[in-house]
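**Student:** Submitted below is the structure of interest, expressed as structure tokens.
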Amino acid sequence: NLISWTYNEFTASTLFDILDAEPDGNGDLNQDDLAKIAAGETDWPPGYNGDVYLESGHRPVELAKPTNASAEMHDDRIAVRFDLPLNEPLDLSMGAAIVRLYDPTYYYAYTVTGVTNPIPGAGPCQATIAAFEADAAAAALQEQLAALSRDEMPEQADVGRLFADKIVLTCS
């Protein structure tokens, strides 16, 4: 259950400030700075799931805390990688599991760019991406959300879910 997040330049510079990480004169981070970023991005408070939502049989599946975190910097972008294990094994013999990555308030946008197959030890499994495609109603709602100031919150609870790409995992 390896997760890899790559942040744009704006988010990377924000992380530098929040986590007191300082690129040296050539724009690189030293190992201590990278360790601060990896720890800061994976030391989640109770109740926070890292904007990673897993469901099976239309029911949420609880995930454990991140492990094996690391961070790298490439071309002014930060990549944070970590394992996100299940609290309990998941039986997919009766149907698919769905992973969505989204911010419930739609402040951050996530794009799934790839999945790795097969999953070691999972048997004959396949993970596929179902990318979000905006219809007219979704596009109109996105415009309304874009008009909100940084201090305003969307009225609709869990609105980010409406715009999330899905990773569909099936095993036979």
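**Student:** Taking only Cα atoms of the stretch 56-159, what ratio of Rg to Rh do you get with Rh as the Kirkwood inverse-distance radius?
**Tutor:** Rg/Rh: 1.00.
**Student:** Further question on the same structure: What are the ³J(HN,Hα) values, in whole Hz, obtained from phi via the Karplus relation 6.51 cos²θ - 1.76 cosθ + 1.60 with θ = phi - 60°, for each residue of the stretch 2-16 in sequence order, with x given for Gly and Pro?
**Tutor:** Each residue's phi maps through the Karplus curve to give 6, 10, 10, 10, 10, 9, 6, 4, 4, 5, 4, 5, 5, 4, 4 Hz.
**Student:** Simple spin-label model, 7 Å along Cα-to-Cβ: residue 86 to residue 143 in nm?
**Tutor:** Computed distance between label sites residue 86 and residue 143 equals 4.3 nm.
**Student:** Report the full-extension gain for the segment residue 107 to residue 22: residue separation times 0.36 nm, less the Cα-Cα distance, to one decimal in nm.
**Tutor:** 28.1 nm
**Student:** If I take R0 = 41 Å and measure r between the Cβ atoms of residue 74 and residue 136 in this structure, what FRET efficiency does the formula 1/(1 + (r/R0)^6) give, to the nearest 0.05?
**Tutor:** Between residue 74 and residue 136 the formula returns 0.65.
**Student:** What does the helix-only formula give at 222 nm for the chain: each DSSP H stretch with n ≥ 4 adding -39500 (n - 2.57), the total divided by the residues, and the result rounded to the nearest 500 deg cm²/dmol?
**Tutor:** Value at 222 nm, helices only: -6000 deg cm²/dmol.
**Student:** For the stretch 48-105, what % of the accessible area comes from carbon and sulfur atoms, probe 1.4 Å?
**Tutor:** The value for the stretch 48-105 is 51 percent carbon and sulfur by accessible area.
The values are calculated or read from the model by the stated rules, or taken from the named source; none is laboratory data. All values derive from a computational prediction rather than experimental measurement. Reconstructed Cβ throughout: ideal geometry from the backbone, glycine too, with neighbour counts over all protein chains shown. Just so you know, the surface numbers come from the protein's heavy atoms only, side chains and all, with ligands and any DNA or RNA stripped out. Shrake-Rupley method; radii C 1.70, N 1.55, O 1.52, S 1.80 Å.
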